Amino acid sequence: MGEETETAKPRRTFDSAYGFSFSIAVGLVLFIAGLIISLTVGQGTSIGLIFGIPLLAAGLIIPVFMVRDLFKTNEVSEPCPNCGATIRTSDATLQLRCPDCHKVINVRESRFYIAEE
Ligand SMILES: [Zn+2]
């Protein structure tokens with residue numbers, strides 16, 4: 001009943017997809033808020049622009065930074081667990097095939113593990 005089994009499933013794809021849509025949503029909300037403020041509150045005065053323009057800019061800039069950070073990958077250079085040949089890939093890779101021994105290798109936490117076939 002109280003047995004907690006820790007599954008080592010790769011959650012990166014889910015996290016990336018979630019983070020991507022989240023940053024787009026944040027950007028959209030800021031952009032729309034800025035648009036509404038500059039169009040309604042301002043009404044020709046500079047108050048709307050003072051508050052609206054930074055929000056518009058933030059709505060455009062924040063998602064770019066968040067997405068860029070999201071897709072920033074670290075290079076992994078580890079020996080193949082089967083044949084020892086050095087394989088270079090990125091930590092965004094979940095599975096690859098060794099160019100030397102053609103063994104399927106799983107990539108988890110920047111480490112290589114031989115996949116059970
Ligand atoms: Zn190999």
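The values are calculated or read from the model by the stated rules, or taken from the named source; none is laboratory data. Fair warning: this is a prediction, and the values are worked out from it, not measured in the lab. Don't worry about glycine lacking a Cβ; one is built from the backbone with ideal geometry, like all the others, and counts go over all protein chains shown.
Scan segment 66-86 and give yes if some residue there is under 25 Å from S21 (Cα atoms), within 16 Å of the ligand (Cβ to nearest atom) and touching a strand residue (DSSP E or B) at 6+ places or on another chain (Cβ under 7 Å), otherwise no. No, there is no match, as no residue in segment 66-86 is under 25 Å from S21 (Cα atoms), within 16 Å of the ligand (Cβ to nearest atom) and touching a strand residue (DSSP E or B) at 6+ places or on another chain (Cβ under 7 Å). Looking at this structure, is I53 away from the ligand (no atom under 16 Å from the Cβ) and over 17 Å from the mean Cα position of the chain (by Cα)? Spelling it out, I53 is indeed away from the ligand (no atom under 16 Å from the Cβ) and over 17 Å from the mean Cα position of the chain (by Cα). Among the residues of this structure, A115 counts as one that is of a type in the set (A, V, I, L, M, F, W, C) and surrounded by fewer than 16 Cβ atoms within 10 Å (Cβ to Cβ). A Cβ distance below 6 Å, combined with a sequence gap of six or more or placement on separate chains, defines the contacts here; from segment 83-107, residues that are over 19 Å from K72 (Cα atoms) reach residues that are near the ligand (Cβ under 10 Å from one of its atoms) and acidic (D, E) in the pairs C83/D100; A85/D100. Of all residues in segment 62-102, those being more than 25 Å from I114 (Cα to Cα) and surrounded by fewer than 13 Cβ atoms within 10 Å (Cβ to Cβ) number 6. Quick one: is L96 among the aliphatic types (A, V, I, L, M) and either modelled with pLDDT under 85 or more than 16 Å from the ligand (Cβ to nearest atom) (or both)? Considered against the rule, which asks whether it is among the aliphatic types (A, V, I, L, M) and either modelled with pLDDT under 85 or more than 16 Å from the ligand (Cβ to nearest atom) (or both), L96 comes out as no.
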